[in-house]
Amino acid sequence: MSGVAPPGAEHSWQGLPAAQQPQWPDAAALRATVAELSALPPLVLATECDRLRERLALAARGEAMVLQGGDCAEAFHQISSGQVRAKVRTLRQMADVLSAGAGVPVVTVGRLAGQYSKPRSQPVEVRGGVALPSYRGDSVNGPAFTKEARRPDPGRLHRMYGVSAATLNLLRALAVEGFAPSHEVRAWNREFVASAPARRRFAPLLRRGVPVASGEVFTSHEALLLDYEGALARPGADGGLYALSGHMVWIGERTRQLDGAHVEFASRVRNPVGVKLGPGVSADEVLALADRIDPDREPGRLTFISRMGTERVRDVLPGLVDKARAEGLAPVWLCDPMHGNTFAAPSGHKTRSFDAVLDEVAGFFEVHRALGTHAGGVHLELTGDHVTECVGGLEGVGHEQLHERYETACDPRLNHAQSVELAFRTAELLAG
Ligand code: PEP
Ligand code: MN
């Protein structure tokens, strides 16, 4: 189904119901912002999006693995050079480990340089009898529980564009300067293994003679705010439309309605597109999403990101993967082991346990192994910093430590050590 755009609308999705959009208080200010953003350069090039689609096609065929990871929500005050470098370093170390385990190259996609907008279960947050709009990410409003901070401000879309451009600028400069060469990444991983007795079991993985992961880091984010995405949707050389806010965009679990604006948007842009699939999705919905977004069955075009929870993945995923295969789809299948495994710690902190995350990854690989399909990789919420937001791992972040460095703007992230450890545990599963 294609959208019927209202008179004067530029894009087909503008006439359709769009879930999870902010209530901007000043429509004229929003329109002015969108017009200004539309006149600014794109953040990425269409040819880069094409290249990522080609890389993802390898993963769909089982010739590469995908590592997609970064913050749940980037924050304007958490993108210092050190923080971005630490994230890239963590992703590079994980990619090295995963490629050692899988014996194939790893395509690295950050949740960064644009991951600023959040869907929320509740539009309003109530504290002490006071109700205010929920925090929807730094692109919309501020996290502080005040009327001022929570008021959606279209000026924040400008800031998102600016900080995304700054982050991309740093990523590109690091790449040009060769941060970090494969031998250095491997040395960091040897150091990681040597630094604690419990990690020594991982050493054999690093002795495998396998292709090292390339240094390319692509960018991705949830395409949630359609005013922003529309302003950065531009034609490529062949006239086709691209979301030039990032290399890959995905549609979240709360915005993948078949008749909604987000799916229409995803169907119109040529980028590689992801769709989150929670435990409530049916096989028919999965097929309908593929028909809408990837009618030509183009390799690398569509990625399904399964986020079932460790309790459900082994029950729900097989039926979806089996039906997709029977219908001739060959999407990239990624496992997001974060969003189905969130719970409240006794202290009240929203957290996730390393063991549950690992078990969902294990279940995901078991399902694909049993069906003879390709498990494409993982989609994770992580940071390069030493935060205490998820519990468990060999370093053993305990419930009583959560308050020490709980710095996330939204969901709890694996810290550097937990992330690299998860890569080693996943590589063990892959190496069999
Ligand atoms: C997310 O990736 O941060 C997110 C909100 O995920 P989901 O749409 O799967 O709930
Ligand atoms: Mn999240």
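The values are calculated or read from the model by the stated rules, or taken from the named source; none is laboratory data. These numbers were taken from a predicted model, which means no experiment stands behind them. FYI the Cβ positions are ideal-geometry reconstructions off the backbone, even for glycines, and counts take in every protein chain you see.
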*Give the residue, chosen from V263, V275, that is part of a strand (DSSP E or B) and either crowded, with 24+ Cβ neighbours inside 10 Å or away from ligand 1 (no atom under 16 Å from the Cβ) (or both).*
V275
*For K323, are the conditions met, namely being of a type in the set (K, R), modelled with pLDDT of 95 or more and farther than 28 Å from Y161 by Cα?*
yes
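So that you can scan it fast, the table gives a plain yes or no per residue for (1) under 22 Å from L414 (Cα atoms); (2) more than 16 Å from ligand 2 (Cβ to nearest atom); (3) modelled with pLDDT under 95:
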{"residue": "G103", "(1), (2), (3)": "no, yes, yes"}
{"residue": "V106", "(1), (2), (3)": "yes, yes, no"}
{"residue": "R120", "(1), (2), (3)": "yes, no, no"}
{"residue": "V163", "(1), (2), (3)": "no, yes, no"}
{"residue": "A175", "(1), (2), (3)": "no, yes, yes"}
{"residue": "F179", "(1), (2), (3)": "no, yes, yes"}
_It is to be established whether one or more residues within the stretch 356-376 are under 26 Å from W250 (Cβ atoms), out of contact with any Pro (no Cβ under 7 Å at 6 or more places or on another chain) and within 16 Å of ligand 2 (Cβ to nearest atom)._
yes
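With surrounded by 16 or more Cβ atoms within 10 Å (Cβ to Cβ) and in contact with a Pro (Cβ under 8 Å, 6 or more places away or on another chain) as the only criterion, which of L16, L56, L43 stands out? Show your work before the answer.
Working: L16 fails: in contact with a Pro (Cβ under 8 Å, 6 or more places away or on another chain); L43 fails: in contact with a Pro (Cβ under 8 Å, 6 or more places away or on another chain).
Only one candidate passes the filter, namely L56.
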*List every residue pair whose Cβ atoms sit under 6 Å apart, with the two residues 6 or more apart in sequence or on different chains, where the first one lies in the stretch 395-412 and is closer than 11 Å to A73 by Cβ and touching a residue at least 60 places away in the same chain (Cβ under 8 Å) and the second, anywhere, is hydrophobic (A, V, I, L, M, F, W, C) and within 16 Å of ligand 2 (Cβ to nearest atom).*
A409/A73; A409/A75; C410/C72; C410/A73; D411/C72
*Restricted to the stretch 326-365, and to residues that are within 15 Å of ligand 1 (Cβ to nearest atom) and aromatic (F, W, Y), which residue is nearest to E311 (Cα to Cα)?*
F364
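Please tell me if R61 is basic (K, R), surrounded by fewer than 19 Cβ atoms within 10 Å (Cβ to Cβ), within 30 Å of G432 (Cα to Cα) and touching a residue at least 60 places away in the same chain (Cβ under 8 Å). It would help to see each step written out before you state the result.
Numbers: basic (K, R): yes; surrounded by fewer than 19 Cβ atoms within 10 Å (Cβ to Cβ): yes; within 30 Å of G432 (Cα to Cα): yes; touching a residue at least 60 places away in the same chain (Cβ under 8 Å): yes.
Taking the combined requirement at face value, the residue satisfies it.
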*Just give me the residues in the stretch 111-127 being crowded, with 24+ Cβ neighbours inside 10 Å and part of a loop (DSSP other than H, G, I, E, B), in sequence order.*
A113, G114, Q115, Y116, S117
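Of the residues that make up the stretch 370-389, is at least one over 16 Å from the mean Cα position of the chain (by Cα), within 23 Å of E63 (Cβ to Cβ) and either in a helix (DSSP H, G or I) or within 14 Å of ligand 1 (Cβ to nearest atom) (or both)? Steps first, answer last, please.
So the first thing to find is which residues in the stretch 370-389 are over 16 Å from the mean Cα position of the chain (by Cα), and the list is 370-375, 385-389.
Checking the rest, the ones that are also within 23 Å of E63 (Cβ to Cβ) come to 370-375.
So of that shortlist, the ones also either in a helix (DSSP H, G or I) or within 14 Å of ligand 1 (Cβ to nearest atom) (or both) come out as 370-371.
Yes.
Let me confirm something: among A102, A75, A27, which residue is under 24 Å from M160 (Cβ atoms), among the small types (G, A, S), out of contact with any Asp or Glu (no Cβ under 9 Å at 6 or more places or on another chain) and surrounded by fewer than 24 Cβ atoms within 10 Å (Cβ to Cβ)?
Values: A102 fails: under 24 Å from M160 (Cβ atoms); A75 fails: out of contact with any Asp or Glu (no Cβ under 9 Å at 6 or more places or on another chain).
Exactly one of A102, A75, A27 is under 24 Å from M160 (Cβ atoms), among the small types (G, A, S), out of contact with any Asp or Glu (no Cβ under 9 Å at 6 or more places or on another chain) and surrounded by fewer than 24 Cβ atoms within 10 Å (Cβ to Cβ), namely A27.
Being of a type in the set (V, I, T) and either closer than 11 Å to M248 by Cα or assigned to a loop (DSSP other than H, G, I, E, B) (or both) is the filter here; which residues of the stretch 95-110 pass it?
Of the residues in the stretch 95-110, the ones of a type in the set (V, I, T) are 97, 104, 106-109.
Correct list: V104, V109.
Looking at P197, is it within 25 Å of the chain's Cα centre (by Cα) and either over 17 Å from E428 (Cα atoms) or polar (S, T, N, Q) (or both)? Full working, then the answer.
Values: within 25 Å of the chain's Cα centre (by Cα): no; either over 17 Å from E428 (Cα atoms) or polar (S, T, N, Q) (or both): yes.
Here the answer is no, as P197 does not meet what is asked.
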*Within the stretch 247-260, work out how many residues are buried (at least 24 other Cβ atoms within 10 Å of the Cβ) and either more than 14 Å from ligand 1 (Cβ to nearest atom) or farther than 20 Å from Q14 by Cα (or both).*
2
*Output the number of residues of the stretch 312-352 satisfying the condition of being touching a residue at least 24 places away in the same chain (Cβ under 8 Å) and away from ligand 2 (no atom under 16 Å from the Cβ).*
23
